[in-house]
1. So what is the relative contact order for region 291-435, in percent, with contacts set as C-alpha pairs under 8 Å and at least six apart?
2. Step through the residues of region 374-391 one at a time and calculate ³J(HN,Hα) from phi using the Karplus curve (6.51 cos²θ - 1.76 cosθ + 1.60, θ = phi - 60°), rounding each to whole Hz and writing x for Gly and Pro.
3. Can you work out ³J(HN,Hα) from phi for every residue in region 178-187, in order, using Karplus 6.51 cos²θ - 1.76 cosθ + 1.60 and θ = phi - 60°, giving whole Hz and x for Gly and Pro?
4. Hey, rough spin-label estimate for Asp130 and Glu330, points 7 angstrom out along Cα→Cβ, what's it come to in nanometres?
5. Mind putting together the pair-distance distribution for region 291-435? All Cα pairs, 10 Å bins, whole percent per bin, short to long.
6. About the Cα centre of the chain, how large is the charge dipole given +1 on each Lys and Arg Cβ and -1 on each Asp and Glu Cβ? Please answer in debye to the nearest 20.
7. Listed highest first by mean packing, meaning other Cβ atoms within 10 Å per residue, what order do 200-211, 219-230 come in?
8. What number, in percent, do you get for the relative contact order of region 53-131 if the mean sequence gap of Cα pairs under 8 Å and at least 6 apart is divided by its residue count?
Amino acid sequence: MSRRAFTTRQLHDRPRRDDGAIAAARATPIYLTAGFEFGEYDDAAAHFGRGEGYAYTRIGNPTIDAVEHTLAALEGGSQALLLASGQAATTVALLSLLEAGQHIVASTHIYEGTRGLLRENLPRLGVTTDFVSEIDDLSAWEAAILPTTRALFAESISNASNRLVDIPALAALAHRHGIVLVIDNTFATPYLVRPLELGADVVVHSASKFLAGHGSVLGGAIVDSGRIDAATVAHRYPHLVAAGRGGAPSLFERVGQDARIAYARESVAPRFGPTPSPLNAFLIGQGIETLSLRVERQSANAQALAQWLESRPEIASVDYVGLASHRDHELAVRDLTDGFGAVFSFTLRGDVETARRFVEALEVFTHMTHLGDVRSLVLHPASTSHAALTDAERTAVGVHPGTLRVSIGIEDVHDLIDDLSQALSVASDVPVAVLA
Ligand SMILES: *Cc1c(COP(=O)(O)O)cnc(C)c1O
C-alpha cells in the first residue's frame, strides 16, 4: 500500500475486515463501548498478561486502532496513538520522554496552549523548558541544550507568523546529542510535510484541526518514527530499557524500535487517561479520508488571499510562508512541495479598533478560535489567544494590535476576496485618497 499516492492511501490504508463481525462494514465500524466481552475464560488472563485482544476502551478499541493505523501510514511513522485532544497528545508525548530534573528546548513560535504547558504545568513536575526565538539559528538551539535535555520541540509551521524550522538540521542536532526531536505538525498536516521522513522522531497533532477538518470534534495524535538509537537509549531514556516488574523483559527487549510509542501507549496514556471517544475517532477517520483534497484547496485559496492582501494599501504586512517576502520562504519551497498551508496572519494599518471594525464587518469568515476547518475563520490574537503575553512577547511572535489570524477554508476564493475587500473598506483608517 505504501507506494500508492497520499490521496489513495488516505482512503485505503486502513484495516478492512474485522474478524468475527456479523458483516464486513465498508466504513470503519464505531465500537462505541466501554469494554469488550472475553470469549474464552483464558482470554482475560491473556489480555492482562500479554496484552492480547480488546478488553477496555482506555487500553484499546478497534475504531481507534483503525484511525491510528491510517495516521501512522500517512505520516510515514511506525505507529500512532490517538488521544482526546492535541493538548493531550503533546502532554503524553513529553511525559513519555521526560522525568523530573530533565529539560526541553522549545521554539518560541508555538501554540499558546503548549507554551502554557511548558511554562506552568511541566515545571511543577520538575520538567523545565528554555525557549529559542531565533529558530533558524542552529547554534542558538545547540547553546540551549543542557546535559539534562531530552527533547527539542518545534512546530512545522508556526502560529502566528508562519515560521518554519529546518527539520533535517534540527533532527541531526538532536541526534548528535542522543536526544529526540518532537514536531507539532498540526498546521502542515502529513499532506504538506512529513517530519518523520525528514528525520524527526516524534510527531504530535491536534486532530481537532485539519485532520478532522469538519470542526465537530476534538482529538490529538502522537506518531512515532519507530527509530530508536540503540547506542544512546540506555543512557538517555533508561525507562525504555529498564526490566519490567519481576524481571520481565524491558520494553526495548519486547518491542525494539517501537519502545517509545509503546511506553506512551501502555504506561502514560492509560494512566493519565485522555482516551478519545470511539465516536470522535470515527469522525476523525472520516475527516482524514478527504485530507489532501481539503488541504490542497485551502492552501491554494490561502496563497491567493495572501497575495491579494499583500497588494492592498490597508495592510501593513502579511506573514504567509507561501509569499516570497516571508523570511522562511526558501525553506518552505524546499520542504513544502504541495502547498504552504491555510493558516496565516496579516496586520492591518491601524489599531485594535481597526481590527474590531474589520472582524465585525466580515460576513463569510466566522469569528472564532479554531483552525483547519472547511470554513474560513478569523481571530484577533492580541485580545484572545495571545492576551496573556507581554507586549514584548507578543511582538516577538509577530502579534501586533492590528494583527488578524485567518484559517482559510474551501469556499470559492472570489467570495473570500469579496468578503475581505468589503470589510477592509468598512474598517480602514487609510485615507480614501491613498486607496484610490
Ligand atoms: C489547537 C492546537 C493544539 C492543541 O490542540 P487541541 O486539540 O485544541 O487540544 C496544539 N498545537 C497546535 C499547533 C494547535 O493549533
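1. With pairs under 8 Å counted, the relative contact order is 30 percent.
2. 5, 8, 7, 10, 9, 8, 9, x, 4, 9, 10, 4, 10, 5, 7, 7, 6, 4
3. Listing the rounded values in order: x, 10, 10, 9, 10, 10, 7, 9, 4, 6 Hz.
4. 2.7
5. Each 10 Å bin holds this share of Cα pairs: 12, 43, 36, 9, 0.
6. 700
7. Final packing ranking: 200-211, 219-230.
8. Value for region 53-131: 24 percent.
The numbers here are math on the coordinates, done by the rules we state, and not lab data. Owing to the predicted nature of the structure, the values given are computational and were not obtained by experimental measurement. Counting neighbours? That spans all protein chains shown, and the Cβs are built from the backbone with ideal geometry, glycine included.
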